[in-house]
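Trainee: Have a look at the structure that comes next, please.
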Amino acid sequence: MKKINSLKIFMLLILLFVFLFTGCSVNQSPDLPQNTEKHPEGADMDMDTKRDINTDTDMDADANSDIDLDKDVHSDSDKDVDLDADSDVNSDIEPDIDPDIIDNLVSSMTLEEKIGQLFVVAFRKNGEDKNLYEMDEHVKNQIEKFKIGGVVLFNENISTREQTSNLIKSMQSVSKIPLFISVDEEGGRISRLGSNPEMGITKLPPAKEIGETNDPDLAYRLGRKLGSELYSLGFNMNFAPVADVNTNPQNPVIGDRAFSSDPQIAGIMVEQFVKGMQEQNISSVLKHFPGHGDASEDSHKGAVVIEHSIERLREIEFVPFKKGISSGVDAIMTAHIILPEIEPDNLPATLSNKILTGLLREELNFGGLIITDALEMKAIKKHWSSGEASVMAFKAGADILLMPESLEKAYNTILEAVLNGDIAEERIDKSLYRILKVKYKRGILEGMLN
């Protein structure tokens, strides 16, 4: 009996030893990772943002919903985009610009060629009023006749990767000076390419969701990814990012297209997004100066008035634009908003010398391209003809005149203004120099200079 009790006690001790040993091993295992990492600056991403900006899972090519920043994104062109690897088009160091090259090019151009470079236009429909997916005789004629500086593509021009790439190549082939090929690819609801599953382009979430992560590096990497993908199709300019500060919840135009209602957060995100995209030789265009974020009306439909003082603009609206300028942004797009506190003649900012030259050029010291918002928008065309608006915008300080309602009338009115002395040819040359400088810097002129 004593032997049996001793055996039981011995067995119980062995079981107790095993239990204690294994229990300690599980609780103290050094191999189990502890997920305690916080988002930079202490701000955690909310669940909606995590769903759209997924850094750990592969992108769903059909839904275009997840963005994988740590793996390659495979596109229909069999070309991978690796954000962590060096890129052939990466231009981290801005190339030295030989002014003699640009000066010689300017001096070799006719007045007509110079004026043509001022225009970036759209060709949405063909002669049969159908979507224009390939260049036709009308488009070829317009490019050759007016010697335009660039084209902006819309949904009506974008069907598949091969089709879009071929359209861009055909347009470039008939232009003596290579074109700016631009697009509105912001992400969110303004996405000409990413919203089309045939394009194999990452659809970015709205800027607001990127801003809510409070992660500047994320903005940089998204800008770099987008730039690489646009470059692979033949684009060289993107009308993005939005640099407006979304201070009005009732704003019908901006809303989640802005990074933040906080100017400092918006500014940091703008700065990093621009750096990432331009490293891939895609010219970034900030919009909409001097700030469309507090508007309560839509300038696509008519006049928009904002009663801000210069002090308010300096404190809020200018902050992201200044950040973008400090990052070396190539271009800034104007807004068709009226600021009576700044422009007593109640001219839209696009047509105001006080705003474009006085504020953007002189106060903010911006030396890049000033591009008008589309001149065919009702805030402009309701009050001025294509020719009048183009001359006024150019005199105000714009370099590129975007989408006048009539290219022919706008072109001829600028030409006539130069011939009759209303606009000096030296003023044309200044804008032309800026245009060619950006084209040179982004490698757009490579083919014609070699």
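The values are calculated or read from the model by the stated rules, or taken from the named source; none is laboratory data. For clarity, every value in this text was computed on a predicted model and none was experimentally measured. Backbone-built Cβ (ideal geometry, glycine too); neighbour counts: all protein chains shown. Note: accessible area is taken over every heavy atom of the protein model, side chains too, but ligands, DNA and RNA are not part of it. Shrake-Rupley method; radii C 1.70, N 1.55, O 1.52, S 1.80 Å.
Trainee: Tell me, what is the FRET efficiency for V305 and E363 to the nearest 0.05, using R0 = 35 angstrom and their Cβ-Cβ distance as r?
Mentor: The formula returns an efficiency of 0.95 here.
Trainee: On full extension of the chain, what length is gained from I97 through K409, given 0.36 nm per residue of separation minus the C-alpha to C-alpha distance? Display every interim value, and only then the final one.
Mentor: On the way: separation 312, 0.36 × 312 = 112.32 nm, distance 3.44 nm.
Between I97 and K409, full extension yields 108.9 nm more.
Trainee: Something else now. Just the number please: accessible area per residue for segment 193-283, 1.4 Å probe, all protein chains included, in Å².
Mentor: About 26 Å² of surface per residue is accessible.
Trainee: Using only the alpha carbons, work out the radius of gyration and Dmax of segment 135-210 in angstrom.
Mentor: Radius of gyration, then largest Cα-Cα span, for segment 135-210: 14.1, 44 Å.
Trainee: For the pair K395/E144, report the inter-label distance in nm, with labels modelled 7 Å from Cα in the Cβ direction.
Mentor: 3.5 nm
Trainee: Rg and Dmax of segment 197-257, Cα atoms, in Å?
Mentor: Using the Cα atoms of segment 197-257, the pair Rg, Dmax is 13.2, 37 Å.
Trainee: How far apart, in nanometres, would the label points at Q264 and N166 be if each is projected 7 angstrom from Cα along the Cα-to-Cβ direction?
Mentor: So the two model labels end up 5.3 nm from each other.
Trainee: Provide the three semi-axes, in whole Å and in decreasing order, of the ellipsoid equivalent to segment 310-450 as defined by the square roots of 5 times the Cα gyration tensor eigenvalues.
Mentor: Equivalent ellipsoid of segment 310-450: 24, 22, 13 Å, largest first.
Trainee: Using DSSP to define loop residues, name the trypsin sites (Lys or Arg not before Pro) in segment 155-187 whose beta-carbon has at most 12 other beta-carbon atoms within 10 Å.
Mentor: Of the trypsin sites (Lys or Arg not before Pro), the ones in loops of segment 155-187 whose Cβ has at most 12 other Cβ atoms within 10 Å are K176.
Trainee: Rank by packing, highest mean first: peptides 222-233, 399-410, with packing defined as the count of other Cβ atoms within 10 Å averaged across residues.
Mentor: Result, highest mean Cβ count within 10 Å first: 222-233, 399-410.
Trainee: What would the Debye equation give as log₁₀ I(q)/I(0) for segment 194-314 at q = 0.17, 0.18, 0.23 Å⁻¹, counting only Cα atoms as equal point scatterers?
Mentor: Values returned for q = 0.17, 0.18, 0.23 Å⁻¹ are -0.87, -0.95, -1.29.
Trainee: Next question. Please report the carbon-and-sulfur percent of the accessible area for segment 100-168; probe 1.4 Å, protein heavy atoms only, DNA, RNA and ligands left out.
Mentor: Looking at segment 100-168 in its full context, I get 43 percent from C and S.
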